[in-house]
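To keep things clear, I will list the structure first and then write my remarks on it.
The values are calculated or read from the model by the stated rules, or taken from the named source; none is laboratory data. Note that the structure is predicted; figures quoted are calculated from it, not measured. We place every Cβ from the backbone using ideal geometry, glycine too, and count neighbours over all the protein chains shown. Heavy atoms of the whole protein, side chains included, go into the accessibility calculation; ligands, DNA and RNA do not. Shrake-Rupley method; radii C 1.70, N 1.55, O 1.52, S 1.80 Å.
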Amino acid sequence: MSEIIKPKVWASFDPPPAVLEYLNENLDFSYNATGQLATRRMIEEQLPGLDGFFLTLRDFVDAELIEAASDLKIIANLAVGYDNIDLAAANRRGIWVTNTPDVLTAASADLAWALLLAVARRIPEGDRMVRSGQYSGWRHDLLLGTELSGKTLGIWGVGRIGQAIGQRATGFNLRVIYSNRSRKESFERECRARWVEFDELFRRSDFLVLAMPLNEETHNRIGKTELELMKPSAILINIARGGLIREDELIEVLRSKRIAGAGLDVYVDTTGIHKKLGDLEHVVLTPHIGSATRETRERMAFLAARNLIDVLRGLEPENAVNRDEIRSLRATIPAPLRALAV
Ligand code: NAP
Ligand code: GLV
C-alpha cells in the first residue's frame with residue numbers, strides 16, 4: 001500500500017499542545033524544539049524543502065530566504081502585523097502570506113488601556129514605592145496623576161484594534177478623535193468619534209494611542225515635529241510597532257518633559273529596548289505583550305494552523321494578506337496547469 005505523503009511544515013517555535021496535535025494529524029510537522037528563539041541560520045537550513053513555514057513576528061523573512069525556498073507555498077505568521085515578511089518577494093513567488101486578525105483584537109485593545117491607565121495613574125511607581133517600604137500611609141499629595149474623565153482620546157489607525165480601543169473609551173467618559181486614511185462612519189456613530197487631520201490629532205489629544213500597521217508609508221512617520229505639537233500634559237501610548245516613531249526623538253521629547261509620559265509595548269529594536277528609555281521615570285514599558293493572553297495565543301495558533309492546512313490542501317486561506325496578488329498571478333497560469341499550483 002502506498003504511503004500518503006503529507007506536506008512538510010516547520011514552525012520556528014513550539015505551538016500550544018492542542019494546536020500541535022492538530023498540525024501533526026494533518027501535516028508532516030516539525031518545530032524548533034530548542035526552547036530558544038529561531039536563528040536566521042536555523043530558518044535558512046529549514047526553508048528549502050518546506051511546503052509551509054509557521055513563524056512568529058520575531059522571525060524575519062527576507063527576499064533571499066524566500067528565493068531559496070523553492071517548494072514553499074505558505075508563510076503563516078503568528079501575528080496580525082506582517083512587517084517581518086518581505087511581501088513583494090512572496091508575491092513574486094506566488095507564496096501565500098497569512099496573519100491572525102480579529103482573535104487578538106480584544107487582548108491588544110485591553111493592553112493599550114492597561115498602559116494608558118498605568119501611566120495616567122502612575123501605577124508602576126506606586127507599586128515600586130509600596131514594595132520598597134517607602135509607603136507610610138495616605139498623603140494628600142502622593143503620586144498625583146491625571147484624570148481621564150472629560151478628556152480627549154486620540155487614535156492613529158482605526159482598524160480592528162483602533163476601533164476596539166475607541167469602544168472602550170465610552171465607559172471612561174472620554175471624547176474620541178481619530179486620524180486614518182479612510183473615514184470610519186460606523187465607528188464615528190458608535191463612539192461619537194470625530195475624524196481629524198493628522199497634525200490636529202497630535203494637537204488635541206490628551207491621550208494618543210497608536211494602532212497603525214508598520215509599512216513604507218508609516219515608518220518613522222512620527223518624530224519631534226509631531227510630538228512637539230502635543231500638549232505638555234499629553235500621554236502617548238504605542239501598542240503598534242516601534243518603527244512608527246523616531247525613537248531617539250521620542251526619548252528627547254520625554255526627557256525634556258515636553259510631553260507628560262508614554263506607555264510603550266513596542267520598540268524599534270525587536271530584541272530589546274533602547275537603553276535610554278529605561279532611564280525615564282514617567283514611562284511605562286511592557287515587553288510586546290499586546291496579544292499575550294493564554295486564550296488569545298491559542299486562538300492565534302489555531303487560526304494560523306488552519307491557514308497552513310487549507311493552503312496545503314489546495315484551498316484559499318481565510319486570512320491571506322496577499323489574496324489579490326496571488327489570485328492575479330494565478331490568473332496568468334494557463335488553465336490546464338492551474339490545478340497543479342497549490
Ligand atoms: P487593521 O485592522 O488592518 O487596521 C489598520 C488600520 O490602519 C486601518 O484602519 C487602516 O486604514 C489604517 N491605515 C492607515 N494608513 C495605512 C497604511 N498606510 N497602511 C496600512 N494601514 C493603514 O490592523 P489591526 O488588526 O487593527 O492591527 C494594527 C496593528 O497593531 C498591527 O499591524 C500590528 O502591527 C499592531 N499590533 C500590535 C500588537 C502588540 O502585541 N503590541 C498586537 C496586535 C497588533 P483602512 O481602514 O483605510 O485600510
Ligand atoms: C503583534 O504584535 C501582532 O502583530 O500580532
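Structure notes:
- Segment 73-168 holds no strands (runs of 3 or more DSSP E) entirely within its bounds that carry 1 or more residues that are more than 30 Å from Val61 (Cα to Cα), within 16 Å of ligand 2 (Cβ to nearest atom) and out of contact with any strand residue (DSSP E or B) (no Cβ under 7 Å at 6 or more places or on another chain).
- In segment 189-212, the residues that are on the phi > 0 side of the Ramachandran plot reach residues that are open to solvent by less than 20 Å² (accessible area, probe 1.4 Å) and β-branched (Val, Ile, Thr) with C-beta atoms within less than 8 angstrom, at least six apart or across chains, in these pairs: Arg192/Val176.
- Residues of segment 293-323 satisfying the condition of being farther than 19 Å from Pro7 by Cβ and either in contact with a His (Cβ under 7 Å, 6 or more places away or on another chain) or surrounded by fewer than 18 Cβ atoms within 10 Å (Cβ to Cβ) (or both): Thr293, Arg294, Glu295, Glu298, Arg323
- Restricting segment 272-291 to residues that are within 16 Å of ligand 2 (Cβ to nearest atom) and open to solvent by 50 Å² or more (accessible area, probe 1.4 Å) leaves a set whose member that is farthest from Ala164 (Cα to Cα) is Ile273.
- Filtering segment 324-337 to residues that are open to solvent by 50 Å² or more (accessible area, probe 1.4 Å), within 26 Å of Gly49 (Cβ to Cβ) and either at pLDDT 95 or above or of a type in the set (Asp, Glu) (or both) leaves only Glu325.
- Any hit, segment 38-59, residues being over 21 Å from Glu295 (Cα atoms), at pLDDT below 95 and surrounded by fewer than 19 Cβ atoms within 10 Å (Cβ to Cβ): yes
- Within segment 200-219, tally of residues that are outside any helix (DSSP H, G or I) and open to solvent by less than 50 Å² (accessible area, probe 1.4 Å): 10
- Of residues in segment 117-141 being within 32 Å of the chain's Cα centre (by Cα) and small (Gly, Ala, Ser), the one nearest to Ser233 (Cα to Cα): Ala120
- The set of residues in segment 123-161 being farther than 30 Å from Val103 by Cα and among the charged types (D, E, K, R) consists of Glu125, Asp127, Arg128, Arg131, Arg139, Asp141, Glu147.
- Scanning segment 108-121 for residues that are open to solvent by less than 70 Å² (accessible area, probe 1.4 Å) and more than 12 Å from Arg168 (Cβ to Cβ) yields a count of 4.
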